[in-house]
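Q: For reference, the structure I am asking about is given below.
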Amino acid sequence: MVLLIACVNVANMLLARAFGRAREMAVRTALGATRRDLFQQLFTESLLIAFGGGLLGLLAGRWGYEFVARLAPGKCAR
């Protein structure tokens, strides 16, 4: 259930971001950007954000594991 709520939250944030960038995309199109150029830019930005979020998630998981291991020594196997 928590994963579902998180996914819906992220989808809403991406949708709000897309509506906020509609004017920027219109200007880029007017200046000669193709659909491929716009897709490439948005895909690259999303990929970088996803990679950064994944890296932060891994770091937070490691920190959380070490924190729990300190609270209950001998209970967590490495």
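Q: Assuming Phe19 fulfils every condition listed in (1) among the aromatic types (Phe, Trp, Tyr); (2) more than 17 Å from the chain's Cα centre (by Cα); (3) surrounded by 10 or more Cβ atoms within 10 Å (Cβ to Cβ) apart from one, which condition is it?
A: Failing condition for Phe19: (3).
Q: Would you confirm whether or not region 61-74 contains a residue that is touching a helix residue (DSSP H, G or I) at 6+ places or on another chain (Cβ under 9 Å), loosely packed, with under 10 Cβ neighbours inside 10 Å, of a type outside the set (Asp, Glu) and not in a helix (DSSP H, G or I)?
A: No, every residue in region 61-74 fails to be touching a helix residue (DSSP H, G or I) at 6+ places or on another chain (Cβ under 9 Å), loosely packed, with under 10 Cβ neighbours inside 10 Å, of a type outside the set (Asp, Glu) and not in a helix (DSSP H, G or I).
Q: From the list Leu42, Leu3, which one is part of a helix (DSSP H, G or I) and open to solvent by less than 70 Å² (accessible area, probe 1.4 Å)?
A: The match here is Leu42.
Q: Follow-up question, since we're still on this one. Can you pull out the residues in region 22-39 that are open to solvent by less than 70 Å² (accessible area, probe 1.4 Å) and either touching a Lys or Arg at 6+ places or on another chain (Cβ under 7 Å) or hydrophobic (A, V, I, L, M, F, W, C) (or both)?
A: Ala22, Met25, Ala26, Ala33, Leu38
Q: Can I ask one more? Leu47 - would you say it is surrounded by 10 or more Cβ atoms within 10 Å (Cβ to Cβ) and not hydroxyl-bearing (Ser, Thr, Tyr)? If you could, list the steps in order and put the result at the bottom.
A: Working: surrounded by 10 or more Cβ atoms within 10 Å (Cβ to Cβ): yes; not hydroxyl-bearing (Ser, Thr, Tyr): yes.
Here the answer is yes, as Leu47 does meet what is asked.
Q: Scan Thr34, Thr44 and give me the residue that is of a type in the set (Val, Ile, Thr), at pLDDT 90 or above and either within 13 Å of the chain's Cα centre (by Cα) or under 27 Å from Cys7 (Cα atoms) (or both).
A: Step by step, each of Thr34, Thr44 is checked, and only Thr44 is of a type in the set (Val, Ile, Thr), at pLDDT 90 or above and either within 13 Å of the chain's Cα centre (by Cα) or under 27 Å from Cys7 (Cα atoms) (or both).
The values are calculated or read from the model by the stated rules, or taken from the named source; none is laboratory data. As the structure is a prediction and not an experimental result, all values here were calculated from the model. Here the Cβ is made from the backbone with ideal geometry for all residues, glycine too, and neighbour counts use every protein chain on show. For the accessible areas, the whole protein counts, side chains as well, though only heavy atoms, and no ligand, DNA or RNA atoms are used. Shrake-Rupley method; radii C 1.70, N 1.55, O 1.52, S 1.80 Å.
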